[in-house]
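As structure tokens, the structure follows; a few thoughts come after it.
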Amino acid sequence: MNLFDDTSGNSGGKGKDIANPHEPLATRMRPHSLEEFVGQNHIVGEGKMLRRMIESGVIGSLIFYGPPSSGKTTLAHVISREINAEFVVLNAVLDGIKDLRNVVAKAETVQQMNGRKTILFVDEIHRWNKAQQDALLPHLESGIITLIGATTENPFYSLVNPLLSRCQLFELYDLTIDHVKTMIHRSLEDEKRGLGKKDVEVTDDAIHHLADYAGGDIRNALNALEVAVLSSEPAEDGTIHITHDIARECIQKRSVRYQAGGDEHYHYASAFIKSMRGSDVDAALYWMAAMLEGGDDPNFIFRRMLILASEDVGLADPHALSLVNAAHEAFTKCGMPEGLYFLAHACIYLSLAPKSNSTGAIFTVRSEIKKSGIGPVPPALQDKTANSKQARYLDVKNASDDYKYPHSFAHHWVQQQYLPDDVNLEAFQPGTIGRENTLWERLQKIKKAYQSTEKKE
């Protein structure tokens, strides 16, 4: 279970680092100290909280959460070296409570023999269920192990509260192009673990391409760099020249920092919806393309657009809902890649359409009903057939006979009571643009015409 074992036999301390030439460059160049660690200055920079904890040697249990390839595993390993602790790894996908018990037993032995701490690194800790997470609690309380959990999910949703209360949370951010470039330059200069012993010249354009297309993933960039160096023939002077064209061959597809099943999924979806709501066509297309590139289901995107067609376009353009539904149906018939046209068609239309959120009136009405209850149906609106038996039995007038049939009146409208007694509700607030405004103004004109007729009579 120990990861990154030193050749000295230590699994965590600051033993002598001897690179294994058979390991990939990205593995050999993994930082071994805080000085080598790249990025996350907001938590490990000079004077920052986590750095102070590490320098003091007093480390409590921690949860690192952030996007993939942001350095969660590397930082955990660096911490174990800095405080000279045993470093044991469990993967929440593969390992369970039985493996945890084995780790605890070994940690007790190590603690009794030499007093060393054991850091248990649980990768993808959000994959453990409640019982598995709860199994950690007594061992954290006893101090036998110090937990460092890593997750790409929001820990406030994916981890149980008792575990959260025993850990300090640190959010890690995406690494930038400059961070990746730093590691590329370091790999080219390092003679022990990197490519420093080779005579390699890499153009600035090639370095930028590797860093840019790696999408913040240092491992991806270094693996591509190593392929470029090992696959290129030296020139007559023995120098290996890595040009932009060679770099482009070694990393052809840009990495997308996105997980269709993680928090980023909801961030991207939120940006997509808000861009359409804000009528920014380019931004809406951008975030939709990002979601598709990250592996999101196009049907999910269509569902979001169907909702927006009623929630944010609504009656300002009633045709929007039909258009999105038709685009979705066309997509199911044609599939990809032609389906991109239907996705773009709906996205662009919704972005350009006039906006109204008046359909949200339903939530106002539901809130009123929950607060005050449901009033009785006015007699004139009650079902005539249902009332007929009672009327005949009691020999009284059918209350439904007082119903005024709108189609019998001018403009197919007549004034009568539709709400229960004592219910004064004005939840609907019409928009002032698009088709909705036209419909609302038409109704107001009909009401005024009816009222003027009533006065004359």
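The values are calculated or read from the model by the stated rules, or taken from the named source; none is laboratory data. In this text the structure is predicted, and so the values were computed from the model without any measurement. Using ideal geometry, Cβ is built from the backbone for each residue, glycine included, and neighbour counts are taken over all protein chains shown.
Quick test for you: out of Ser279, Ser322, Ser310, pick the one residue that is assigned to a helix (DSSP H, G or I) and touching a residue at least 40 places away in the same chain (Cβ under 8 Å).
Ser310
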Exactly one of Ile63, Ile79 is under 30 Å from Asp178 (Cβ atoms), modelled with pLDDT of 90 or more and outside any helix (DSSP H, G or I), and that one is Ile63
Just wondering, is there one or more residues in the stretch 146-153 that are under 25 Å from the mean Cα position of the chain (by Cα) and over 16 Å from Asp95 (Cβ atoms)?
yes
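Kindly indicate which of Glu226, Glu189, Glu201, Glu171 is of a type in the set (Asp, Glu), at negative phi and without any contact (Cβ under 8 Å) to a residue 40 or more places away in the chain.
None of the other options fit; the residue is Glu189.
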Given the conditions (1) under 26 Å from Gln40 (Cβ atoms); (2) of a type outside the set (Gly, Ala, Ser); (3) in a helix (DSSP H, G or I), every one holds for Phe121 apart from (3)
Look at Ile301 and say whether it is under 26 Å from Gln429 (Cα atoms), within 22 Å of the chain's Cα centre (by Cα) and either assigned to a helix (DSSP H, G or I) or among the hydroxyl-bearing types (Ser, Thr, Tyr) (or both).
no
Step by step: first the residues of the stretch 124-154, then only those that are of a type in the set (Val, Ile, Thr) and in a loop (DSSP other than H, G, I, E, B), then the one that is farthest from Tyr173 (Cα to Cα). Which residue is that?
Ile144
Going through the stretch 366-384 in order, the residues found to be part of a helix (DSSP H, G or I) and within 10 Å of Val423 (Cβ to Cβ) are Glu368, Ile369, Ser372
